[in-house]
1. Within segment 81-92, work out how many residues are modelled with pLDDT of 75 or more and either touching a Gly at 6+ places or on another chain (Cβ under 7 Å) or surrounded by 13 or more Cβ atoms within 10 Å (Cβ to Cβ) (or both).
2. Report, ordered by the first and then the second residue, all pairs with beta carbons closer than 7 Å, sequence separation of six or more or different chains, a first member in segment 136-147 that is closer than 19 Å to Val75 by Cα, and a second member that is small (Gly, Ala, Ser) and in a loop (DSSP other than H, G, I, E, B).
3. Need the failing condition index for Ala247 against (1) over 25 Å from the mean Cα position of the chain (by Cα); (2) touching a residue at least 24 places away in the same chain (Cβ under 8 Å); (3) surrounded by fewer than 18 Cβ atoms within 10 Å (Cβ to Cβ); (4) within 26 Å of Phe191 (Cβ to Cβ), just the number.
4. Filter segment 202-244 for residues that are closer than 23 Å to Phe191 by Cβ and of a type in the set (Asp, Glu); which is surrounded by the most Cβ atoms within 10 Å (Cβ to Cβ)?
Amino acid sequence: MDALSDLLDGVRARGALFSRSILEPPWSVCFDDFMPLTLITMVRGRSWVVPEKGEPLPLAVGDIAVLRGPAVHTVASPPDAATTCTVLSEQVCLGADGTALNEDIVLGVRTYGHSLDAPDLMLSGGFEVGGEVGRRLLSALPEVLVVPAGACHDPLTRIIGNEMGLQAPGQQVVLDRLLDLALVAALRAWFDRPEADPPAWYTALGDPVVGAALRAVHNRPDTAWTVAELARVCGVSRATLARDFTALVGVPPMAYLAEWRMTLAADLLRNTQETVGAIARRV
């Protein structure tokens, strides 16, 4: 495991909210459901992600947008279109007049709109993110990021689109795992883009020395690590590791280790019945 793998493992889709929206411009869908993380992609047509602050970001076919809550986000075509739908939760969507939308807009399984022939088709999937590990990942992301289609795993979005139209045994689990994979692919592609501002620990993973130290810490957080022992694993002197790790990650090795252990411990305290002593030994 490495830092990104550990953080992504803490953001798993479980019963994620999916929808296919088939729309006729002008349209504007406001996501006000406080989902911590939402993925949006256009299967056909074009739209713009309109954040609460900042300029609209174009979303072409195959692009993937990742929206970080709890901010309100709007996806629209054109970007200044009046709101036609407000998503408040899985069960509640409001129309342009503020009243709840009825069954007339249901076109099929997880599919909404007024006509299957409408030119714009948008897929969305929302994550519930819990725990300290998940929040650590969210803190590394901007409120909105867009990964161009050329950097995305295009067959994956097409598979998700096809699966969303099915109703088969285990369908929710299949969709959840596909959404997990789409998030991993999108974030990995985003962090490697020149306009991204990746967290220090992500950049440091590419360093042969500091990356090895980070992987060792994440693989075995319960080991009685010292700077000297980490340096031995990395094949450098204690002074070299301490200097390079602090320069690239922003904190000394033992401070990073302590923070990661406390993050793991907080989730174990919240989600298990283990005693404090047992959790302390695990981390």
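The values are calculated or read from the model by the stated rules, or taken from the named source; none is laboratory data. Quantities reported herein were computed from a predicted structural model and do not represent experimental measurements. Neighbour counts are summed over all protein chains in view; Cβ atoms, including those assigned to glycine, are modelled from backbone coordinates with ideal geometry.
1. Residues in segment 81-92 being modelled with pLDDT of 75 or more and either touching a Gly at 6+ places or on another chain (Cβ under 7 Å) or surrounded by 13 or more Cβ atoms within 10 Å (Cβ to Cβ) (or both): 6 in total.
2. Glu143/Ala71
3. Against the list (1) over 25 Å from the mean Cα position of the chain (by Cα); (2) touching a residue at least 24 places away in the same chain (Cβ under 8 Å); (3) surrounded by fewer than 18 Cβ atoms within 10 Å (Cβ to Cβ); (4) within 26 Å of Phe191 (Cβ to Cβ), Ala247 comes up short only on (2).
4. Selected residue: Asp244.
Here's the yes/no breakdown for (1) more than 26 Å from Ile159 (Cα to Cα); (2) within 19 Å of the chain's Cα centre (by Cα); (3) part of a loop (DSSP other than H, G, I, E, B):
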site	(1), (2), (3)
Thr38	no, yes, no
Val43	no, no, no
Leu67	no, yes, no
Ala71	yes, yes, yes
Ala82	yes, no, yes
Thr86	yes, no, no
Asp97	yes, no, yes
